[in-house]
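K.L.:
I have a structure here, written as structure tokens, and I will follow up with some questions on it.
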Amino acid sequence: MLAPAHRDALALLDETGWHVSELARFVRGVELAATAERLRARDGFSVGRFYDAIKAACVVAQVEPFTAGRMRHTLATRAVEAGADVAAVATYLGHKSPSTLRRFYATLAVPPRPKR
């Protein structure tokens with residue numbers, strides 16, 4: 001299974017929609033969430049070790065391997081499925097255009113059905 005540091009990193013990715021590189025910068029320099037503090041208190045954050053740990057955890061759990069970037073995709077897809085404005089989600093993720101979100105992240109999103 002994943003080490004606590006890697007679980008914390010996945011939790012931050014799930015909650016923020018960041019790229020792993022953004023997470024690494026956050027851990028190195030911003031004093032905010034307790035999760036980031038725990039990551040800092042350990043040996044810092046290595047992107048390579050993080051990817052390797054996720055891959056190994058997928059093997060142990062016998063699930064299809066995925067990358068940490070999937071968390072960003074999932075956040076965007078969940079937001080669109082919940083009815084969030086695509087342009088607002090794109091802005092949150094730092095995209096210059098909502099078309100980027102539509103093309104790469106929200107491709108599998110199912111818009112909510114209108115209420116009767």
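The values are calculated or read from the model by the stated rules, or taken from the named source; none is laboratory data. Source: prediction; values computed, not measured. Cβ: placed from backbone, ideal geometry, glycine included. Neighbour counts: every protein chain shown. Calculation scope for accessible area: heavy atoms of the full protein, side chains included, ligands and nucleic acids excluded. Shrake-Rupley method; radii C 1.70, N 1.55, O 1.52, S 1.80 Å.
K.L.:
What's the total number of residues in the range 45-83 that are farther than 14 Å from H19 by Cα and touching a Gly at 6+ places or on another chain (Cβ under 9 Å)?
P.N.:
Summing the residues that are farther than 14 Å from H19 by Cα and touching a Gly at 6+ places or on another chain (Cβ under 9 Å) in the range 45-83 gives 1.
K.L.:
Output the helices (runs of 4 or more DSSP H) that fall wholly within the range 1-41 and possess 1 or more residues being of a type outside the set (F, W, Y), at pLDDT 80 or above and open to solvent by less than 60 Å² (accessible area, probe 1.4 Å), or say none. Explain how you work it out, then say what you get.
P.N.:
Values: elements: 4-16, 20-29, 34-41.
Filter on the range 1-41 gives 4-16, 20-29.
K.L.:
Go through the range 44-81 and report how many residues are among the polar types (S, T, N, Q) and on the phi > 0 side of the Ramachandran plot. Step through it out loud before you land on a result.
P.N.:
We begin by selecting, within the range 44-81, every residue among the polar types (S, T, N, Q); these are 46, 62, 67, 74, 77.
From the residues that got through so far, the ones that are on the phi > 0 side of the Ramachandran plot too are 62.
Of the residues in that region, 1 qualify.
K.L.:
Moving on. Can you say whether A61 is modelled with pLDDT of 85 or more, under 16 Å from R7 (Cα atoms), open to solvent by less than 30 Å² (accessible area, probe 1.4 Å) and small (G, A, S), as far as the supplied structure shows? Give the derivation first.
P.N.:
Working: modelled with pLDDT of 85 or more: yes; under 16 Å from R7 (Cα atoms): yes; open to solvent by less than 30 Å² (accessible area, probe 1.4 Å): no; small (G, A, S): yes.
So A61 fails the test.
K.L.:
Take the residues in the range 65-102 that are surrounded by fewer than 13 Cβ atoms within 10 Å (Cβ to Cβ) and not aliphatic (A, V, I, L, M), then tell me which one is modelled with the highest pLDDT.
P.N.:
P65
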